[in-house]
Amino acid sequence: MDYNVEELRKQHKLINEYNYELRQVVRGYNNRTLYINVGTGEIKEKPVTDLMRKKFTGGKGFGLKLLWDAVNENTKWDSPENEINIATGPIGGNTSYAGSGKSIVTSISPLTGIPIDSNVGGFFGPYLKFAGFDALEIQGIAQHEVIVFIDGDKGNVRIFEAPGEAVDSHVFAEQMMDMFAATEKEKLYISSVSAGTGSDHSFIGCLNFSWWDVKKKAARVKQAGRGGTGTVFRRKKIKGVVVKYSGLTADSNHVADLKTVQKVGMKLRKEMDTLDDQQCRMREVGTSHLVELMDEYDLLPTLNYKYGSHEEAKKIYSNVFFDKYYTHGYGTDGCWIGCAMACCKAVENFPLKTGPYKGEKVLVDGPEYETAGGCGSNLGIFDPEAVLEINFYCDTYGLDTISFGTMTAFIMECWENGILDKDKTGGLDFTWGNSEDVLELLHQIARGEGFGRIAGKGIRAMKEYFETRYGADRAFMDDIGMECKGLEYSEYVTKESLAMQGGYGLALKGPQHDEAWLIFMDMVNNQIPTFEDKAEALHYFPMFRTWFSLQGLCKLPWNDVEPANNAETDEPAKVPEHVQNYVELFNAITGEKIDKTELILQSERVYNFQKVFNMRMGKGLRIHDRIPYRSVGPVTQEEYISREERYDKQLKEKAGIDPQGLSISEKVSKLREFREAEYERLTDAAYKRRGWTPQGVPTLEHLEKIGMDLPEVVAVVRKHLAG
């Protein structure tokens, strides 16, 4: 897209400006946050107290605490008091340990009505901290389109009207680098957050966090994808938030013990150098290596999670993208400086065939595994170029590829079962594999037109619409509609992993694998055979994974490369050497002296706070942890028949039911009764281990034990215990 930066500048109108004192980070913290109200124009600093650091640590914890203080139990996603909060943590921004460049976004989700948190790469979070702030809190709704600019070199924050800039992220990110960088070298010092036109008309909007790729000479983006954060952003009429910071050094965090930070980081780097190509090949193909792995183990979502593998899946295996599409040899595929994992693969000069940018050659960030699975195999699409085109447009439009893929798979199964037809879809044909009309749906969402306006609200809203307007069978749609709490599932088939069913159903924000990914422990390796074992895993791993978002970390360096002797340790699933790395890293940066037990307690405080936050918003109880049966077992007879030998064996050996003489319909019913009862037993065990009542309410004793018995938290819990 052609644009003139000077002409764009001329259209700006300053709303407010704020100057602040520049000061260095001390042991990972700046000890202040930045509040901006785009409705009133107010800009101010807030102190980070010792209590806030002790109870909430950083990152996600800070974001949730600021959000709690800003909203009330009646706040909706589009209420002016709802916020977009962006934070990093004390470890975030260090350049010695891989995966330390993450930001965490928190908001009240338009899909779920409860707090959403989303962990994202890009340079924004570290630059925000070094510019002066541990978190950014944005409230209010602007009257006109605005941009917020945080100049960390000058100590200046500005809000200005910006009518001319693009909304779609791939253009906006380039414009901001051209606007705020005096030279091409300075583009490395600019990072922006933006959404896209898709976020204007849907509930599945995401945020794009940018960085300048010095080798590819292009702006790259990573997504805070889950829960509609981009939708909230665009409701506030924000085109973008931009930060500039040019003073990065190896010790911008001014840590307590730099030598240890560098030593621990170098140890991990050596593991990556020697072991990555033998393990997950993250440097070579990124997360796309999971496509063939999931297909092999019957875990790759296919045709709306009916099946876990497909004979055509090899067409979108990682080797296809590596051989034909990915750029090789640049070595800049890390979404933060110093990340040796370098897993952010990209396709350059990809020619678009559809949409408003048809004919242009663009850079596509990805595809990640979730995009290949959700927008590829789950839709019956095995054309890599169609997957790449969907990937690009979801990103630039500001649409979550996971939600888009999962909700479109639901639409396709509704089409297959006669719930939808061309009269209802405005002429779109949702036969499995029809990438042409899937792309048209994507463009309709971005334009706010046609069937796209219905689809873009997500699966939960579509179920209500199809039942009310078309008389569709709600029970069937509840079975096949892969959402929980209103959030669409990420891309794993969980029918044979009870623990992973719990990992999705009990996840606080909705079914996202970043809380617990237990499929291999449970299904492949049989490491957690009993309900107590599964409950322990559903305690430890969500708490451990929460810690990454408290600190500004990526989880991939934890277990996507492992020490050579990891299998010989007592608890290989935990990767104990890497857990100790994180303990040493935190202590070396902050000067504190925590151990691996306190690490879990840091997370447990914030995790239970978020649980109570959900309750405060009218949700967060056992009834809200129910999951669609498609994630538990075979809904249809065709599903049962496709794995009939497996299911017959399970009926006989696990349920104690002889399948001989039973019809397929009877087998489906008997298996369902057994599996749903197993899920309820798992829920009981997991709640007990977490210190919650059978209805999922944290007990007062547990809150006191972990140090989260704050008066405002206790008040919400008492209300539910009394009820």
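For a quick check: sort F130, F674 by the number of other beta carbons within 10 angstrom, fewest at the front.
So the ranking, lowest neighbour count to highest, is F674, F130.
Can you list residues from other chains, or at least 5 along the same chain, whose modelled amide H is less than 5 Å from the amide H of T354?
The list, which skips near neighbours in sequence, is G359.
Could you order peptides 496-503, 356-363, 540-547 by the average number of other Cβ atoms within 10 Å of their residues, highest first?
Highest to lowest by the protection proxy: 496-503, 540-547, 356-363.
Compute the distance in nm between two label points, each set 7 Å from the Cα along the Cα-to-Cβ direction, one at K13 and one at A564.
6.6
Just one of (1) 37, 30, 26; (2) 43, 34, 23; (3) 70, 29, 25 is semi-axes √(5λ) of the Cα gyration tensor in Å calculated from these coordinates, so which is it?
It is the one labelled (1).
Highest mean first, what order results for 32-38, 133-139 on Cβ atoms within 10 Å?
133-139, 32-38
Quick one: putting +1 on the C-beta of Lys and Arg, -1 on the C-beta of Asp and Glu, what dipole do you get for segment 545-589 around its Cα centre, in Debye to the nearest 20?
Here segment 545-589 has a charge dipole of around 280 debye.
Just to check I understand the Karplus step: with θ = phi - 60° and J = 6.51 cos²θ - 1.76 cosθ + 1.60, what whole-Hz values come out for segment 706-722, glycine and proline as x?
Rounded to whole hertz, the list is 8, x, 10, 8, 5, x, 5, 6, 4, 4, 5, 5, 4, 4, 6, 5, 5.
Does segment 135-232 come out rounded, prolate or oblate, given a ≥ b ≥ c as the square roots of the eigenvalues of its C-alpha gyration tensor, rounded meaning a/c under 1.5 and, failing that, prolate meaning a/b above b/c?
Because a/c hits 1.5 or more and a/b fails to exceed b/c, segment 135-232 counts as oblate.
Beyond 21 Å between alpha-carbons counts as too far, so tell me which of K457/K495; K270/K555; K13/K237 fall in that bin.
Numbers: K457/K495 27 Å; K270/K555 18 Å; K13/K237 15 Å.
Over 21 Å Cα-Cα: K457/K495.
Quick one: which residues, 5+ away or cross-chain, put their amide H under 5 Å from the amide H of L399? H built at 1.01 Å from N.
Long-range HN contacts for L399: C206.
What residues have an amide H closer than 5 Å to that of N16, excluding those fewer than 5 places away on the same chain, when H is modeled at 1.01 Å from N in the peptide plane?
Residues meeting the criterion, in which the H sits 1.01 Å from N, are I159.
Which residue, L428, T88, P659, has the largest displacement toward the positive end of the dipole of the chain when charges sit on each Cβ (Lys, Arg +1; Asp, Glu -1)?
T88
For each of S109, S435, count neighbouring Cβ atoms within 10 Å of the residue's Cβ, then give the residues from fewest to most.
With the sparsest Cβ surroundings first, the list reads S435, S109.
Given +1 on the Cβ of Lys and Arg, -1 on the Cβ of Asp and Glu, and no further charges, what dipole in debye does segment 493-638 carry about its Cα centre, rounded to the nearest 20?
Using Cβ point charges on Lys, Arg, Asp and Glu, segment 493-638 gives about 940 debye.
Using Cα-Cα distances under 8 Å and only pairs 6 or more residues apart, what relative contact order does segment 487-598 have, in percent?
Here the relative contact order equals 16 percent.
For D533 and E416, what is the calculated FRET efficiency with R₀ set at 45 Å and r taken between the beta-carbons, to the nearest 0.05?
It comes out at approximately 0.75.
Counting only DSSP beta bridges with both residues in the chain, what percent are antiparallel, rounded to the nearest 5?
85
Which ³J(HN,Hα) values in Hz, rounded to whole numbers, follow from the phi angles of segment 455-468 under the Karplus curve 6.51 cos²θ - 1.76 cosθ + 1.60, where θ = phi - 60° and Gly and Pro get x?
4, x, 7, x, 5, 4, 5, 5, 4, 5, 5, 5, 5, 6
Please sort 423-431, 225-233 by packing, taking for each peptide the average over its residues of neighbouring beta carbons within 10 angstrom, highest first.
225-233, 423-431
Give the distance, in whole Å, between the Cα centre of segment 20-92 and the Cα centre of segment 359-422.
34
Suppose every K and R has +1 on its Cβ and every D and E has -1 on its Cβ; what is the size of the dipole of the chain about the Cα centre, in Debye to the nearest 20?
Dipole magnitude for the chain comes out near 2020 debye.
What does the extension gain come out to for A655 and V214, with contour length at 0.36 nm per residue minus their alpha carbon separation?
Net length gain for the segment: 152.9 nm.
In whole Hz, what ³J(HN,Hα) sequence does segment 620-627 give by Karplus (6.51, -1.76, 1.60; θ = phi - 60°), x for Gly and Pro?
For segment 620-627, the Karplus curve yields x, 10, 4, 4, 7, 9, 6, 10 Hz.
Given 0.36 nm per residue, what is the gain on full extension from T468 to Q143 after removing their alpha carbon distance, in nm?
Result for the pair: 113.5 nm of gain on full extension.
What length, rounded to one decimal in nm, is gained on full extension from T40 through to T260, with 0.36 nm per residue of separation minus their alpha-carbon distance? Display every interim value, and only then the final one.
Details: separation 220, 0.36 × 220 = 79.20 nm, distance 4.56 nm.
Gain on extension, T40 to T260, equals 74.6 nm.
Mind running the shape call on segment 242-370? Use the C-alpha gyration tensor, a ≥ b ≥ c as the square roots of the eigenvalues: rounded below 1.5 for a/c, prolate if a/b tops b/c, oblate otherwise.
Cα axes put segment 242-370 in the oblate bin.
Calculate the FRET efficiency for R27 and T431 from the Cβ-Cβ distance with a Förster distance of 56 Å, rounded to the nearest 0.05. Numbers along the way, then the final one.
Details: r = 58 Å, r/R0 = 1.03.
About 0.45, to the nearest 0.05.
If R₀ is 22 angstrom, what is the calculated FRET efficiency for the pair V524 and Q278, using the beta carbon separation as r and rounding to 0.05?
0.70
Laboratory data are not the source of any read-out in this text; all were calculated from the coordinates shown. In this text the structure is predicted, and so the values were computed from the model without any measurement. No Cβ is skipped: glycine too gets one built from the backbone with ideal geometry, and neighbour counts run over all protein chains shown.
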